[in-house]
Amino acid sequence: MKKALITGVTGQDGAYLTELLLKKGYKVFGTFRRVSTPNFWRLQTLDVFNKINLIPADLLDMGSLLEAIKVSDPDEIYNLAASSYVGTSFEEAVGNSEITGLAVTKFLEALRNQNPNIRFYQASSSEMYGDNKFKVQNETTPFLPSSPYAAAKLYAHSITNIYKKSYDIFACCGILFNHESPLRGMEFVSRKITNAVAEISLGLKKELVLGNLKAERDWGFAGEFMSAIHLMLQQDKPTDYVISTGVSHSVSDFVKEAFDIVGLNWKKYVKTDPKFFRPLEVRHLRGDSKKAIKELKWKPKVSFEKLVKMMVDEDVRRWKTFLDGKAFPWDAPLYPNESRLITRLSKGKIRKN
Ligand code: NAP
Ligand code: GDD
């Protein structure tokens, strides 16, 4: 039985990757950060929480990484942990560089010293292309990071390749374009939109305030992107791949699509506020995954329209389930605004549709 160690197992990708690897018969170990209130709602939603071996580890603590490798003795490591929200990386630039960037060197050092035969996956990002001038980005497109997050990811990407070439380690970087799902964090624009659309459609909220509506992203479904990263570690030789759908849409396209699903005109509800604009914006991302399609035989199947519908439907279902008084694994109570709404609803202070 193959063994895999996933860092960042409590995140969106960690949950889907766990589900995939368990289906493939792997024994799965996952690291989680010690926080005052542990948060396993995604693993619970996918019903994999009781099937995984959890190891406390922090990317900032090399001892804990060494221990995680020792305890799990894995064939494959998927390094998904990062401080992944670009917006916050401007406010917490130093911490972000340490967690998302420098920590990867510590991990590679731990791996090199403990067992250099382990196959290593590094979660690189299309954000590394930054505010580039190219219509489409692939593995040969120059990087131009436009955020502290992207700079840290580019450092991690580079150091992974340096260790691969210097020490003959099987290490791959997946340059993944934006991938979303009903398990996406609510700070990201896709889920911020679909959650607000659900609330507005149920009469729980009156408006949605966003930043730059013109930014364009290549949005895919996280669940199917995880099979691509698994395939990367099954190849004969380690190499980097762009994983994307090849189709881009603007934030306003996403908004329109989501409001259309519940039969509302988005223009009546959406406002913009400069506080949600970034100091530096990445205006356009669109990936070219020809290499992955050819070598990994991987192809995305979930369209933009299907993805938005999947997310809106699930957020509507969640709010309805909550209003019916039923408990279920959910992240809304963890966010200040949603938590306040939930409290007011529980006290009967808001009238719903
Ligand atoms: P996510 O939902 O934000 O999950 C990030 C994970 O990292 C969480 O489990 C988080 O733990 C963990 N983490 C953060 N800081 C840590 C630390 N100091 N020590 C240990 N764990 C820490 O992100 P995701 O969407 O699943 O993305 C997975 C990876 O792919 C990330 O590296 C991200 O940067 C990269 N990526 C994502 C996308 C995308 O569109 N989703 C695209 C390209 C690349 P907590 O739960 O405790 O916060
Ligand atoms: N979050 C957010 N909130 N973004 C907004 C908003 C808003 O209210 N209004 C407009 N946007 C715009 C952002 O300025 C950005 O151009 C775009 O929506 C997408 O923002 P996010 O969903 O926060 O994602 P991201 O593209 O910055 O980063 C995600 O994708 C990267 C891959 O390209 C994250 O998952 C990163 O971890 C990942 O590496």
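Kindly provide the set of residues from the range 279-298 that are outside any helix (DSSP H, G or I), within 16 Å of ligand 1 (Cβ to nearest atom) and not aromatic (Phe, Trp, Tyr), ordered by number.
VAL282, HIS284, LEU285, ARG286, GLY287, ASP288, SER289
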Check: Does the range 83-95 contain any residue that is in the same structural domain as ALA15 (by TED's automatic domain parsing) and within 21 Å of GLY246 (Cβ to Cβ)?
Finding: no
Check: Which condition number does LYS301 fail, the rest of (1) assigned to a loop (DSSP other than H, G, I, E, B); (2) crowded, with 19+ Cβ neighbours inside 10 Å being met?
Finding: (2)
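Filter the range 23-61 down to the residues that are within 16 Å of ligand 2 (Cβ to nearest atom) and at pLDDT 95 or above and list them by number.
Selection gives ARG42 alone.
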Notebook entry, point to check: Under 7 Å by Cβ, and 6 or more places apart or on different chains, what pairs join a residue from the range 27-52 that is within 9 Å of VAL9 (Cβ to Cβ) with one that is of a type in the set (Ser, Thr, Tyr) and in a helix (DSSP H, G or I)?
Noted result: VAL28/THR18; PHE29/SER72; GLY30/THR18; LEU43/THR18; ILE52/THR18
Next item on the list: Can you tell me which residue among TYR85, TYR78, TYR121 is within 22 Å of SER181 (Cβ to Cβ) and either modelled with pLDDT under 95 or surrounded by fewer than 23 Cβ atoms within 10 Å (Cβ to Cβ) (or both)?
Entry: TYR85
Notebook entry, point to check: Pairs under 9 Å by beta carbon, first residue closer than 26 Å to PHE277 by Cα and of a type in the set (Phe, Trp, Tyr) in the range 230-258, partner within 16 Å of ligand 1 (Cβ to nearest atom) and part of a helix (DSSP H, G or I), six or more apart or different chains?
Noted result: PHE254/VAL189; PHE254/SER190; PHE254/ILE193; PHE254/THR194; PHE254/PHE304; PHE254/VAL308
Notebook entry, point to check: For the range 207-247, what are the residues that are away from ligand 1 (no atom under 11 Å from the Cβ), in a strand (DSSP E or B) and farther than 20 Å from GLU295 by Cα?
Noted result: LEU208, VAL209, LEU210, GLU216
Notebook entry, point to check: Which of the residues spanning the range 325-350 are hydrophobic (A, V, I, L, M, F, W, C), assigned to a loop (DSSP other than H, G, I, E, B) and over 28 Å from the mean Cα position of the chain (by Cα)?
Noted result: ILE350
Checklist line | Qualifying residue in the range 105-115 (condition: within 30 Å of GLU281 (Cα to Cα), assigned by TED's automatic domain parsing to the domain that holds MET232 and polar (S, T, N, Q)) | finding: yes
Next item on the list: Search the range 54-75 for residues being touching a residue at least 12 places away in the same chain (Cβ under 8 Å) and surrounded by fewer than 17 Cβ atoms within 10 Å (Cβ to Cβ), and hand back the single one that is nearest to ligand 1 (Cβ to nearest atom).
Entry: LEU60
Note to self: I'd like the residue in the range 154-206 that is within 14 Å of ligand 2 (Cβ to nearest atom), within 22 Å of PRO142 (Cβ to Cβ) and small (Gly, Ala, Ser) and, out of all such residues, is surrounded by the most Cβ atoms within 10 Å (Cβ to Cβ).
What the structure shows: ALA156
Note to self: For a quick check of your reading: which helices (runs of 4 or more DSSP H) sit entirely within the range 59-98 and have at least 3 residues that are closer than 27 Å to ARG283 by Cβ and more than 17 Å from the chain's Cα centre (by Cα)?
What the structure shows: 93-96
Next item on the list: Of the numbered conditions (1) under 30 Å from LYS267 (Cβ atoms); (2) part of a loop (DSSP other than H, G, I, E, B), PRO116 fails exactly one; give the number of that condition.
Entry: (1)
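The values are calculated or read from the model by the stated rules, or taken from the named source; none is laboratory data. Small disclaimer: the values here were computed from a predicted structure and weren't measured. Methodologically, a virtual Cβ is constructed for each residue, glycine included, from the backbone with ideal geometry; neighbour enumeration extends over all protein chains shown.
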